[in-house]
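Enquirer: Just dropping this structure here.
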Amino acid sequence: MFKRACFLVFVFLLTFLPLGLQKPPKAKVIRVIDGDTLKVILNGREEYVRLAGIDAPELKRGGEISRDFLSRLCPVGSVISLKILGRDSYGRLLAVVYNENGNNVNQEMLKQNLAVPLCRP
């Protein structure tokens with residue numbers, strides 16, 4: 001029940017909150033780490049980006065499929081848009097990611113059942 005409520009809140013926020021008047025920052029993908037983490041160049045600096053609100057399986061536990069799908073959505077060399085929500089405890093940017101086609105990558109990972117909603121109380 002809690003996971004479902006978190007998922008609904010996440011979808012609501014992504015759907016109804018505007019991106020704001022400011023254009024979202026653009027970043028170039030330089031590596032896909034796993035199913036929910038990218039390494040990018042943003043403003044001339046290398047940054048790790050953690051897809052906010054989702055959790056993909058670890059690579060050692062079958063996460064290769066999630067990583068491969070994320071690699072197709074955000075291939076190395078592609079330019080993505082980020083709606084940055086903050087940083088996690090590891091210093092990674094937490095963001096909603098939009099690929100070059102404008103698709104919400106976080107939602108696509110959930111739609112394909114390659115990640116689960118992540119809600120931290």
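The values are calculated or read from the model by the stated rules, or taken from the named source; none is laboratory data. Since this is a predicted model, take the numbers as computed values, not measurements. So basically every Cβ, Gly included, is an ideal-geometry build from the backbone, and we count neighbours across all protein chains shown.
Enquirer: Tell me the residue from 121, 75 that is modelled with pLDDT under 95 and assigned to a loop (DSSP other than H, G, I, E, B), please. Lay out the reasoning, then the answer.
Expert: Values: 75 fails: modelled with pLDDT under 95.
Of the residues listed, the single one that is modelled with pLDDT under 95 and assigned to a loop (DSSP other than H, G, I, E, B) is 121.
Enquirer: For region 25-62, enumerate the residues that are in a loop (DSSP other than H, G, I, E, B), among the small types (Gly, Ala, Ser) and surrounded by 15 or more Cβ atoms within 10 Å (Cβ to Cβ).
Expert: Once the filter is applied, which keeps residues that are in a loop (DSSP other than H, G, I, E, B), among the small types (Gly, Ala, Ser) and surrounded by 15 or more Cβ atoms within 10 Å (Cβ to Cβ), region 25-62 yields 35, 52, 53, 56.
Enquirer: When both residues are 6+ apart or on different chains and their Cβ atoms are under 8 Å apart, which pairs have a first residue that lies in region 35-57 and is over 20 Å from residue 72 (Cβ atoms), and a second that is among the aromatic types (Phe, Trp, Tyr) and surrounded by 17 or more Cβ atoms within 10 Å (Cβ to Cβ)?
Expert: Qualifying pairs under 8 Å: 53/10.
Enquirer: Evaluate region 78-89: report whether one residue or more is in contact (Cβ under 8 Å) with a residue 24 or more places away in the chain, in contact with a Gly (Cβ under 8 Å, 6 or more places away or on another chain) and of a type in the set (Lys, Arg).
Expert: no
Enquirer: Has region 93-104 got at least one residue that is within 12 Å of the chain's Cα centre (by Cα), assigned to a helix (DSSP H, G or I) and among the aliphatic types (A, V, I, L, M)? Quick ask: steps written out before the conclusion?
Expert: From region 93-104, those within 12 Å of the chain's Cα centre (by Cα) are 93-99, 103-104; that's our starting set.
This time we only want the ones that are assigned to a helix (DSSP H, G or I), so: none.
So far as region 93-104 goes, no, none of its residues is within 12 Å of the chain's Cα centre (by Cα), assigned to a helix (DSSP H, G or I) and among the aliphatic types (A, V, I, L, M).
Enquirer: From (1) in contact with a Phe, Trp or Tyr (Cβ under 9 Å, 6 or more places away or on another chain); (2) in a loop (DSSP other than H, G, I, E, B), pick out the condition that doesn't hold for residue 113.
Expert: (1)
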